[in-house]
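In what follows, a structure is listed as structure tokens, so that the remarks can point back to it.
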Amino acid sequence: MGLRTPALSRPRRGLIALLAILAALMLAILITPPAHAAPGDDQEKTDFYFAGVITFDDEPVPDVVLSIEGKGFEGETKTDAEGKWRLYVPEKEKYVLTVDEETLPKGVIVDAAQLPEGTQPIAGTTASFEVEFGLTGTKIMNLFLGEGERVTISFWDQLISRTIGGLNFGLLLALASMGAALIYGTTRLSNFAHGEMVTWGGLVALVFTTTWHLPLWLGIIAAVIGGGLLGWAMDAGIWRPLRRRGLGIVQLMIVSIGLSLALRYAFQFVIGGGTYQLPGASPAPLQFGPVSLSYIDLIGMGVSIVVIIGVAFFLTRTRIGKATRAISDNPQLAAASGIDVDKVIRIVWIIAGVLAAISGILWAYFRPGVKWDMGTQMLLLMFAAITLGGLGTAFGALIGSLIVGIAVEVSTLWIPSDLKYASALVVLIIILLVRPQGLLGRKERLG
């Protein structure tokens, strides 16, 4: 009698059939050519967008890169095989549309004579235009190319302009970073809720000025007072009780992460997900050679410098400031020498709240608009600046913030604007490889 192969059971035959069907479907998907994506499919959809077609000699021009910026928003796209493009924006406002001339055919520029009515290139360029919506939430900008000589802003003019912009950004970042550095220096807490303290300042100013229609100066005063009260409430209601219970640094850090999430989504619940403008946002810029700054930028830089000088005076000339530095150096020795550590820490939290609130107001004007998560956008940069300057030192946070701010703005000369915040982390890594303790940090012995 010969050997017989056992028959497959019905369940096994069914499983093999199912696998065969799945394999056939996967093969069909792999060999089916992908459908062409519609213009703008790679962007977050909103109710507002600019769109059009780029042609040269009545032929579509593919792979032309276009970017748009304004009201703190930046976006980028490229034309498809039919020359079509679309750029979604969050609000119905004025924006600057720029065509990357390096992606155009050689010797070709945007034909200014065929631009839509009322549209002209921005002075000193042939490929940047100020665009705005009409009555609807869409704006069609068909661009026709023609032969001509390109006019661009020189590399050195761009470098100077973006360096000044980076200095402006670095100063407002320094206000928040110095407060967070003081908290770390006195408590060793990496406060992940510090971004929400920044947002709080912008929100209080928004409520007083836009919701209640009170004068801007009153909204600013209210935001500063509100920032100090938030810092006091955080320490009195959360951090001091937890310190007295003897919680470790890791546990406190986890609590700060939870507090950050709670505050952030509470803000979203109250004001929604939109972006709201403070009075006088986005004024007409003033031209200083290649540098373009508004009067609000100048006021913001001046306020930042004055406040930073005030913090430096506090830390170096006042008794509480000297006590703060003593606690940062050695809290046990400071307590043994008669310093009321809890009282000093409470004052540090109040100061940090005030600095964060001022930074939030300036941030709302620098990247125009108040949003529920605006402080979160700064948090990683704050930590980068604090680490770069040296953990726990306010002056190190100042220097680190200036370096981060300039690196972020200047890096857009070489990399896409979407990656500019990553440049700050690259600078951080490079400096820490050379000086692990940071620029003004002290070497500490481990183990």
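Nearest 5 percent is fine: what portion of the DSSP beta bridges confined to the chain is antiparallel?
Restricted to the chain, the bridges split so that about 85 percent are antiparallel.
Please compute the contact order of the chain in relative form: average sequence separation of alpha-carbon pairs under 8 Å and at least six residues apart, divided by the residue count, as a percent.
Relative contact order of the chain: 19 percent.
Using Cα-Cα distances under 8 Å and only pairs 6 or more residues apart, what relative contact order does the stretch 202-299 have, in percent?
Here the relative contact order equals 23 percent.
Using amide H atoms built in the peptide plane, which far-off residues or other-chain residues are under 5 Å from GLY375 H to H?
Residues meeting the amide H criterion: THR199.
Helix 394-410 versus the longest principal axis of the chain: what is the Cα-based angle in degrees, 0 to 90, to the nearest 10?
Relative to the chain, helix 394-410 is tipped by roughly 20 degrees.
Give, rounded to the nearest 20 debye, the magnitude of the charge dipole that the chain has about its Cα centre when Lys and Arg contribute +1 at Cβ and Asp and Glu contribute -1 at Cβ.
3120 debye
Could you give me the ³J(HN,Hα) list for the stretch 100-107, computed from phi with Karplus coefficients 6.51, -1.76, 1.60 and θ = phi - 60°, whole Hz, x at Gly and Pro?
Karplus values, whole Hz, x for Gly and Pro: 6, 5, 5, 9, 8, x, 4, x.
If amide H atoms are built 1.01 Å from N in the plane of the peptide, which residues on other chains or at least 5 residues away come under 5 Å of the amide H of LYS78?
So LYS78 has HN proximity to LEU66.
Taking Cα atoms, how many degrees apart are the long axis of helix 319-329 and the longest axis of the chain, rounded to 10 and kept between 0 and 90?
60 degrees
How big is the antiparallel share of DSSP beta bridges in the stretch 48-152, given as a percent to the nearest 5?
So the antiparallel bridges in the stretch 48-152 amount to around 80 percent.
Going by amide H atoms built from the backbone, whose H comes under 5 Å of the H on ASP111, apart from near neighbours?
PHE144, LEU145, GLY146
For q = 0.11 Å⁻¹, what log10 I(q)/I(0) does the chain give under the Debye formula with an equal point scatterer on each alpha carbon and no solvent?
Results for the chain at q = 0.11 Å⁻¹ read -0.93.
In vacuo Debye scattering of the stretch 144-226, one point per C-alpha: log10 I(q)/I(0) at q = 0.14, 0.15, 0.16, 0.25 Å⁻¹?
Once normalised to I(0) and log-transformed, intensities are -0.72, -0.77, -0.81, -1.11.
Please report the Cα spread of the stretch 124-262 along all three principal axes, rounded to whole Å, starting with the longest.
Per principal axis, max minus min of the Cα coordinates gives 74, 38, 27 Å.
Restricting to Cα pairs below 8 Å that are 6+ residues apart, what does the relative contact order work out to for the stretch 144-236? Please round to a whole percent.
RCO, the stretch 144-236: 17 percent.
Which one, ARG325, ARG245, ARG162, has the greatest fluctuation when you compute a Gaussian network model over the chain with C-alpha springs under 10 angstrom?
Among ARG325, ARG245, ARG162, the largest mean-square fluctuation in the Gaussian network model of the chain belongs to ARG245.
Where does each of 201-213, 404-416 land if you order them by average Cβ count within 10 Å, highest first?
201-213, 404-416
Quick one: among GLY228, GLY137, GLY70, which has the greatest mean-square fluctuation in a GNM of the chain with alpha-carbon springs under 10 angstrom?
GLY137
Output wanted: per-residue J couplings in Hz (rounded whole) for the stretch 47-60, from phi through Karplus 6.51 cos²θ - 1.76 cosθ + 1.60, θ = phi - 60°, x for Gly and Pro.
Values per residue, Gly and Pro as x: 7, 10, 7, 9, 8, x, 10, 10, 10, 9, 6, 6, 10, x Hz.
I'd like to compare 235-241, 163-169: which one has the highest average count of other Cβ atoms within 10 Å, and what's the full order after that?
Top to bottom by mean Cβ count within 10 Å: 163-169, 235-241.
Along the charge dipole of the chain, which of SER177, TRP212, PRO285 sits closest to the positive end, that is, farthest toward it, with unit charges on the beta carbon of Lys, Arg, Asp and Glu (+1, +1, -1, -1)?
Most positive-ward Cα: SER177.
Only the coordinates and a few stated rules stand behind these numbers; no lab work does. In this text the structure is predicted, and so the values were computed from the model without any measurement. Counting neighbours? That spans all protein chains shown, and the Cβs are built from the backbone with ideal geometry, glycine included.
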